[in-house]
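To start, the structure under review is shown below, and the notes come after it.
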Amino acid sequence: MTTIATFEDLLAILEQNPQLRSALRNHILDEELKQLPAIVRRNQELLEQFIQQQAEITAKLQAGIDQLNDTLNRFMESTNAMLAAHAERMARLETDVAVLKTDVAELKTDVGWLKGHITPTIARRMIGRIADVTQCRRPRWLEEHEIIDIADDADTDGVPDNELESFRAIDLVMRGIDKTSATGEMQYVVIECSATVAANDVTRARRNADHLSRFTGIASRAVVIGTEIPPTIANLAQGELVHCIAITNKGARPR
């Protein structure tokens with residue numbers, strides 16, 4: 001019979017006898033502790049399953065992230081391409097708009113020039129209207145050479161060169177009998193034509209009418225004719241004793 005004297009003797013016996021060791025374990029441990037190894041193994045299995053699931057989820061997540069990044073990259077490339085194309089179109093549009101603005105400015109200049117040259121032609125058709133406004137009977141137009149002849153034959157001493165040049169370039173001059181004169185004296189009507197009558201038109205008409213009176217000794221009236229006569233210009237003309245006549249569609253129509 002084996003004698004147990006020390007704790008080491010007990011451990012040696014248990015080490016040599018597995019059945020005795022198992023019996024001692026069953027006697028000492030309660031039911032929960034007996035199940036602990038199985039619980040540990042189950043937890044280990046669950047942990048391994050969790051790690052496996054996490055790895056699969058991580059892989060799927062990474063694949064989704066990679067796909068999302070690829071989609072975003074394609075989207076950015078497409079967006080950048082569209083923005084570049086839009087910028088190019090805008091640059092072309094700005095160039096076209098600049099060219100169009102230049103063309104419109106040139107067109108306005110051409111239209112203004114055309115209106116300025118057509119206005120005297122239209123004014124000639126309004127001879128009756130001009131004669132009524134200026135109280136002129138038996139009116140007739142002076143030819144350009146007659147105006148130049150008046151300047152050439154006159155004493156122009158003291159008249160500045162620019163004013164004399166302006167006089168030679170008078171748009172229209174009408175000659176007729178002054179209805180307000182009891183003795184039927186002759187009078188001239190100096191006419192300045194402009195699409196839109198401005199202050200310098202009024203000044204030029206008044207100055208050239210005064211020069212014509214001085215050069216010929218015959219009274220002269222001043223008239224400005226245009227499609228547009230702003231109220232401020234009409235007031236200025238009234239103060240300078242210059243008649244304002246607006247071109248109407250009826251007056252502009254050929255007869």
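Derivation of every value follows stated rules applied to the coordinates shown; laboratory data play no part. Computed from a predicted structure; not experimentally measured. Here the Cβ is made from the backbone with ideal geometry for all residues, glycine too, and neighbour counts use every protein chain on show.
Could you give the length gained by full extension between D161 and S78, i.e. 0.36 nm per residue of separation minus their alpha carbon distance, to one decimal place?
Values: separation 83, 0.36 × 83 = 29.88 nm, distance 7.05 nm.
Gain in length upon complete extension: 22.8 nm.
With all pairs of separate Cα atoms included, the chain yields a Kirkwood hydrodynamic radius of 28.0 Å. Were the residues from D149 through L47 laid out at 0.36 nm apart, the gain over their Cα-Cα distance would be 24.6 nm. Only helices enter the 222 nm calculation for the chain: every DSSP H run of n ≥ 4 contributes -39,500 (n - 2.57), and dividing by all residues gives -22500 deg cm²/dmol, rounded to 500.
Spin-label model, E8/R124: points 7 Å from Cα along the beta carbon direction are separated by 14.8 nm.
For I247, the residues whose amide H sits under 5 Å from its own are G226, T227, ignoring neighbours fewer than 5 places away on the same chain, with H placed 1.01 Å from N. Pick out which of D66, D149, D132 has the largest mean-square fluctuation in a Gaussian network model of the chain, springs linking Cα atoms closer than 10 Å. For the chain, modelled as a Gaussian network with Cα springs under 10 Å, the answer is D66.
Start at zero, step by 5 Å, and the Cα-Cα distances of the stretch 126-252 spread as 2, 11, 22, 23, 21, 14, 6, 1, 0 percent across the bins. Between A55 and R92, the FRET efficiency from the beta-carbon distance, with R0 = 51 Å, is close to 0.40. Exposure proxy shown here: for R206, R137, the number of other Cβ atoms within 10 Å sets the order, fewest to most, as R137, R206. Only aspartates and glutamates eight or more places from K179 in sequence, or on another chain, were considered; those with a Cα closer than 19 Å are D132.
For the residues P120, P230, P18, a GNM of the chain with alpha-carbon springs under 10 Å puts the largest fluctuation on P18.
Extension gain, A105 to K179: 0.36 nm times the residue separation minus the Cα-Cα distance gives 22.1 nm.
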